[in-house]
Amino acid sequence: MTRTQRRRLARAAAYAAAALLVALVVSRIDLDYAWDWGRFGRDWLGLLGKGLLLTLQVASAGLLLALPLGVVVGLCRTASDPGARLVGFVHVEVFRGTPLLVQIMIWYHVLARPLGLSTFGAAVAALGCFASAYIAEIVRAGVQGVDRGQMEAARSLGLSHWQAMRHVVLPQAVRAILPPLASEFIALLKDSSLASVIGFSELTYQTRAVQSGSFMTFEPWLTAAALYLAISLVLSLGVRLLERKLGGGAAQEAIR
Amino acid sequence: MSAAEGPASGGVLVDARGLTKVYPAAWGSGRPPVRALDGFDLTVTEGEIVCLIGPSGSGKSTALRALNGLEHPDAGTLRVLGHDLLDPELDMDLVRADVGMVFQHFNLFPHRTVLDNLTLAPVLVRGRPVDEARREALELLERVGIADKAGERPGRLSGGQKQRVAIARALAMHPRLMLFDEPTSALDPEMVGEVLEVMRDLAHRMTMVVVTHEMGFAREVATRVAFLDGGRVVEEGPPSGVLDQPRHPRTRAFLERVLVGRPRPTP
């Protein structure tokens, strides 16, 4: 058998195994389940729609908080000032080192009253701070990936550290930052489902409500999954378009 | 500007005394720390062209980079354009705006056009109006012979063109002192000439400190050559002295190595 033949055989075997696994799982699903998409669509889909709207709101508000916060914290981690570096370090470790579910509980039960936060506010704060820790690490890696000579050249011309960062380093880091940032956006969207535990009636909360109200399980959960997936795909595509738009110009030439 | 921080008296632009710089060894590497500078002295007066030569690891680049604060010596005194560079209170950006630097690897900003590379600092640091900065940038590009590339990104330029842009970028800030860190070492041989030509032209009206391996350039253009070894200046003087009649054995050994196969003018 030649190398190519062996490879083809291995690939076919892998596909077959995967297909077998899926078939096995599907075959074990309760086939007696009484599907009723008609009733679901008529009586309950509207509630999921409401939940979807709130999911979009809490996720975008969380993103609006996480993005600037993450950029600032990430830049702090690359700063020369040891105080700024320490603040960045603590921020990342605290929000990355504890479970989001626990953080949501703390925002809601401990911090919401003194800070005057609504349920929505607590959810946004929890999601935003949590995601900012990851965004900070993404920004830091992107900035550190830009050739050190760029910062040196900018500083040699008399630019301040922040001027050099803003006009020279960050624009070149953006391309490396975008793909992992897209993953982080999607993670934020999905993590917003955890806000259901503090009674915030986003998509997952509403899906559970529909389940207990209608005694249907398959339709609401599959629909919820499809809705999350749809938003994720839109986000992915959006970032990919942005990447392509940025890719044509400077980035190719950044590689000397 | 106060008298203490004003233009240096007697046209002394650089006054370095006993500079020391030790790089600690990487933790656990078992290697000894590196003494990059070990009692480095250098004085540069206005209008001088000083070439720093010496074997690799002799501290040439570290010394040069200390002159605009890219390296921070551990000890010694260092005055550049009248500013005390080792004073922690000093606003280094002020000094850097007046000291041009040209790097071995050009370090052009790849995301900006050639013209924008030149105008960025004058607009941001000097607060010059954009159209005025552009006009002058075009004149500078004309002077280094690449005005036709003003709208290109640096990535489309040859090495020699990149380095000429880098020189023009530094000149756009109207520096009082220009530092060159092996400006031709990363170039293909056929492009060395065009960069040296620009530097030769510039030497008539600029004070320059040049780290170089181009002995021909040093002999022709330098007003003074300083030979470094072990982080200090071992021998310095006019090129005719240091390059043609070196007194120090280490200078002699170095020159014999780098000038192998080249005709040396008899004294």
Single condition A:Thr207 does not satisfy, out of (1) modelled with pLDDT of 95 or more; (2) out of contact with any helix residue (DSSP H, G or I) (no Cβ under 6 Å at 6 or more places or on another chain): (2)
Failed item in (1) more than 12 Å from every other protein chain (Cβ to nearest Cβ); (2) part of a helix (DSSP H, G or I); (3) modelled with pLDDT of 95 or more, with B:Ala170 passing the rest: (1)
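Test of understanding: among B:Glu197, B:Glu182, which residue is in contact (Cβ under 8 Å) with a residue 60 or more places away in the chain and either of a type in the set (Asp, Glu) or open to solvent by less than 10 Å² (accessible area, probe 1.4 Å) (or both)? Don't jump to the end; show me each part of the working.
On the way: B:Glu197 fails: in contact (Cβ under 8 Å) with a residue 60 or more places away in the chain.
Within the list B:Glu197, B:Glu182, the selection yields B:Glu182.
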Filter pass, B:Thr212 being of a type in the set (Ser, Thr, Tyr) and closer than 27 Å to B:Ala133 by Cα: no
Considering residues of region B:251-267 that are surrounded by 10 or more Cβ atoms within 10 Å (Cβ to Cβ) and part of a helix (DSSP H, G or I) only, the residue modelled with the lowest pLDDT: B:Val258
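Tell me the helices (runs of 4 or more DSSP H) entirely within region B:65-148 that contain at least 3 residues that are facing another protein chain (nearest Cβ under 10 Å).
On the way: elements: B:92-98, B:114-125, B:130-143.
Filter on region B:65-148 gives B:92-98, B:114-125.
Can you tell me how many residues in region B:202-250 are of a type in the set (Asp, Glu) and touching a Gly at 6+ places or on another chain (Cβ under 9 Å)?
The first filter runs over region B:202-250 and keeps only residues of a type in the set (Asp, Glu), leaving B:214, B:220, B:229, B:235-236, B:244.
Now restrict to residues that are touching a Gly at 6+ places or on another chain (Cβ under 9 Å): B:229, B:235.
Number of matching residues: 2.
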Residue within region A:116-132 that is within 14 Å of chain B (Cβ to nearest Cβ) and either under 23 Å from the mean Cα position of the chain (by Cα) or modelled with pLDDT under 95 (or both) present: no
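The values are calculated or read from the model by the stated rules, or taken from the named source; none is laboratory data. None of these values were measured; they are calculated from a predicted model. Here Cβ is always computed from backbone atoms with ideal geometry, including for glycine, and neighbour counts include all displayed protein chains. Heads up: the accessible areas ignore ligands, DNA and RNA and are worked out on the full protein's heavy atoms, side chains in. Shrake-Rupley method; radii C 1.70, N 1.55, O 1.52, S 1.80 Å.
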